[in-house]
Amino acid sequence: MTIIVTGAAGFIGSNIVKALNERGENRVIAVDNLTRADKFKNLVDCEIDNYLDKTEFVERFQHGDFGKVRAVFHEGACSDTMETDGRYMMDNNFRYSRDVMDACLAQGAQFLYASSAATYGGSTRFVEEREVEKPLNVYGYSKFLFDQIVRQTLPKAKTQIVGFRYFNVYGPRETHKGRMASVAFHNFNQFRSEGKVKLFGEYNGYAAGEQTRDFISVEDVVKVNLFFFDHPEKSGIFNLGTGRAQPFNDIASTVVNSLRAMNNEAALSLAELVQRGLIEYIPFPDALRGKYQCFTQADQSRLRAAGYDAPFLTVQEGVDRYVRWLFGQL
């Protein structure tokens, strides 16, 4: 049966397509918007059965043009948290997602979609409960509102609906994302161009570089998606993070030491990296004061209760693998 991936040329979508191929699934319909054509590179090593622009996909899907569809991985969205065009954001992230979900429900296809930890916004608790969801921007709100529709729909749905609240995802195939790419990606490029990594200094009670986030490898994101794909009886909204908050210092240290290792240079401690000027702290920007999350950490209770029991890569493990992948692309 056919599998559809929206946002297929994007970061997470293309990694899902590749993972499906590795399972022998080649009847994959890729849906995306290639106005930014450079995203095509993410699909060059993938096998797909067809490609459609996002503007024509929903209507054709509603009309049953693709025959029996087993599942839709809905990764397509505007992921720019700085986007201020609310009409565009709601049409792209909310309305479009509703249309895709409704078509899946009508045709009995599994619906696996990308939500976001941005639904929590300024909260200090990260558990899938309505009272702690406080989005700070229209991107977070678009994801939050769709999650509310999903919650209303789940009790009467006769097919799988599962949403993943992605935390800070990093890994291969994100080059096209520009300023919205991961911290690891930017640290890698900054170190190669400037010979140092710059991090924010002390802020809000956190020491320099010690602001912490739940950084998760796209490898783990894909594994969780495929676990639920294999278990269509499981539905719900789930946090998708490692459950382990790590500081930005860990990302920067791993990036620098991974590059040093490829140069046959010994690993250095954080203190040594700072002392040698390989990591540098800059004043916290005034423009971000009061708008910056110093801590995120996924509560994994519901994910684990659903039966996913595999370990997650640490920053040190995942970023080292990613740096070696990036270096191999040069």
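Note on the chain: GNM, Cα springs under 10 Å; of S269, S217, S123, the largest mean-square fluctuation is that of S269. When the range 113-162 is described by a simple charge dipole with +1 on each Lys and Arg Cβ and -1 on each Asp and Glu Cβ, the residue from L154, S142, S115 located farthest towards its positive end is L154. With one equal scatterer per alpha carbon and no solvent term, the Debye-computed log10 I(q)/I(0) for the range 17-162 at 0.09, 0.14, 0.16, 0.19 1/Å reads -0.31, -0.76, -0.97, -1.26.
For the range 266-330, just say rounded, prolate or oblate: build the C-alpha gyration tensor, square-root its eigenvalues into a ≥ b ≥ c, call rounded for a/c under 1.5, and beyond that prolate if a/b exceeds b/c, oblate if not. Cα axes put the range 266-330 in the oblate bin. The C-alpha atoms of the chain define a longest principal axis, and helix 138-153 lies at about 40 degrees to it.
PRE reach from T35 (point 7 Å along Cα→Cβ): which of the range 132-172 fall under 17 Å by backbone N? Those under the cut-off are 139. Overall, the anisotropy analysis places the range 236-297 in the oblate class: the square-rooted eigenvalues a ≥ b ≥ c of its C-alpha gyration tensor yield a/c not less than 1.5, with a/b not exceeding b/c. Full extension of the chain between D91 and R289 gives 68.3 nm of extra length, using 0.36 nm per residue less the Cα-Cα distance. For the listed peptides 124-135, 74-85, a ranking on the average number of other beta carbons within 10 Å per residue, highest first, reads 74-85, 124-135. Please work out the Cα center distance from the range 220-238 to the range 130-152, rounded to the nearest Å. Here the two parts' Cα centres lie 20 Å apart. Please give the helix 315-329 orientation as an angle from the longest Cα principal axis of the chain, in degrees from 0 to 90, rounded to the nearest 10. Long axis of 315-329 versus the principal axis of the chain: about 80 degrees.
Hey, what did the range 79-224 get for relative contact order, percent, Cα under 8 Å, at least 6 apart? Mind dumping the intermediate values first?
Details: 164 pairs, mean separation 33.3, N = 146.
This gives 23 percent for the range 79-224.
DSSP finds beta bridges in the chain, and of those with both partners inside it, around 10 percent are antiparallel.
Treating r as the C-beta distance of T159 and N50 and R0 as 25 Å, the FRET efficiency rounds to 0.65.
Once the Cα atoms are used to define both axes, helix 248-262 deviates from the longest principal axis of the chain by about 80 degrees.
Amide H contacts under 5 Å for N168: D214, I216, restricted to partners 5 or more places along the chain or on a different chain, H placed in the peptide plane at 1.01 Å from N. Label sites at L136 and A181, each approximated as a point 7 angstrom past Cα along Cα to Cβ, lie 2.4 nm apart. Take the Kirkwood radius over Cα pairs of the range 146-268, plug it into Stokes-Einstein at 4 °C and 1.567 mPa s, and you get 76 µm²/s for translational diffusion. Each residue, T84 and N264, gets one label point 7 Å from its Cα in the Cβ direction; the gap between the two is 5.3 nm. Translational diffusion coefficient of the range 183-254 (Stokes-Einstein, Kirkwood radius from Cα pairs, 10 °C, 1.306 mPa s): 110 µm²/s.
Listed peptides 161-167, 114-120, 283-289 appear in the order 114-120, 161-167, 283-289 once ranked by packing, highest mean of other Cβ atoms within 10 Å at the front.
One decimal place: the segment R125-R302 gains 62.3 nm when fully extended, by the rule 0.36 nm per residue minus the C-alpha distance. The aspartates and glutamates within cross-link reach of K54, meaning a Cα-to-Cα straight distance under 15 Å and a gap of 8 or more places when in the same chain, are D32, D65, E75, D91, D99.
Between R244 and Y281, the modelled label-to-label distance comes to 2.4 nm, taking each label 7 Å out from Cα in the direction of the beta carbon.
Laboratory data are not the source of any read-out in this text; all were calculated from the coordinates shown. Everything numeric here is computed off the predicted structure, so don't read it as measured data. All Cβ positions, glycine included, derive from the backbone under ideal geometry; neighbour counts span all protein chains shown.
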